[in-house]
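Structure record follows, encoded as structure tokens.
Each value in this text was obtained by applying a stated rule to the coordinates, not by laboratory testing. Computed from a prediction, not measured in an experiment: that's the story for all the values here. So basically every Cβ, Gly included, is an ideal-geometry build from the backbone, and we count neighbours across all protein chains shown.
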Amino acid sequence: MKALLFVLALVAVMVAVVACGPKKEAQKVLVLYYSQTSNTKTVAQEIANRLGADIEEIVPVNPYDGDFQATIDRCTEEREEGIIPEIKPVAADIAKYDVIFIGYPVWFGTFAPPVAAFLDKADLSGKKVVPFCTFGSGGLDSSVKDLAQKQPKAEILPGYGVRAARMAAVPNEVDQFLKAGGFIEGEYTPLEAFPEQHEVSEEESGIFDAAVGDYPMIHAKAKTVAQRTIPGGTEYLFTAEDLPREGEADMPPAGDIKVYVTVLEGEAPVFTQVIR
């Protein structure tokens with residue numbers, strides 16, 4: 001009996017020591033973003049709310065407040081002349097954060113110019129950087145590569161991207177993204193890898209055409225495909241031949257492109273990303 005009491009007392013002491021021991025300090029997280037049309041802002045707020053993180057917007061001194069064509073024209077001129085727009089000072093003390101989520105719309109295949117302006121002056125050495133972006137058809141992969149070149153001493157973690165046409169999917173996808181990255185706890189089932197691609201069937205070709213048919217910037221023919229099961233449906237990865245666009249000689253075909261398409265139960269096919 002005395003031996004049992006001694007063991008119980010010892011266990012109690014050990015529990016008390018563990019409870020009173022030093023706790024692992026939580027990482028400080030900042031969500032930093034630029035948004036022109038509020039899509040990227042929506043994603044930024046979703047991430048910040050889920051993490052309880054600080055959030056700040058990157059603001060250009062001369063805002064991109066024109067319509068779509070005006071923005072394209074200005075951005076084209078800046079790219080041709082090597083102009084990086086001036087931004088207002090970021091109030092957050094970057095040095096005190098461990099993890100920085102950086103969000104942006106994709107313009108011309110990379111992050112919007114105000115984010116380029118921030119990355120040119122910021123020192124993110126040793127920081128964990130998590131990119132997130134919104135786009136018309138794609139640009140996550142290419143923009144992340146550019147970000148890594150701008151900040152070679154930062155640890156660039158896997159990013160999240162969403163089409164502007166799919167903003168309704170943001171809450172669920174951000175939830176899964178943050179769980180996959182270990183930023184929040186919860187049930188998460190990793191997706192299986194795509195199997196080897198095979199030649200598209202007539203049915204699969206129809207799925208591809210239905211997914212991209214209404215989008216004017218994609219003119220392509222599906223060649224091969226692989227598919228995998230995802231929660232609530234099926235995801236396809238098509239390899240397609242980019243075809244010439246009538247009346248757009250300045251946009252030659254990009255060769256083979258990769259197109260991700262999801263078909264959820266009871267819903268029409270929709271493409272989620274294009275990699276050129």
**Request:** Report the calculated FRET efficiency for VAL59 and ILE230 (r = Cβ-Cβ distance, R0 = 35 Å), to the nearest 0.05.
**Result:** 0.40
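Hey, can you rank 164-176, 27-39 by average C-beta count inside 10 Å, highest first? Show your work: numbers first, answer last.
Working: 164-176: 15.4, 27-39: 19.5.
Highest-to-lowest ranking by the protection proxy: 27-39, 164-176.
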**Message:** Starting from the Kirkwood Rh over alpha-carbon pairs, what translational D in µm² s⁻¹ does the chain have by Stokes-Einstein at 20 °C and 1.002 mPa s?
**Reply:** 100
**Request:** Could you tell me which of the pairs LYS41/LYS179; LYS88/LYS258; LYS28/LYS145 are separated by over 29 angstrom between their Cα atoms in the structure shown?
**Result:** LYS88/LYS258
**Message:** Principal axis extents for the range 29-180, Cα atoms only, whole Å, descending order, please.
**Reply:** 40, 34, 25
**Prompt:** Which distance in Å, rounded to a whole number, links the C-alpha centroids of the range 32-87 and the range 155-197?
**Reply:** 22
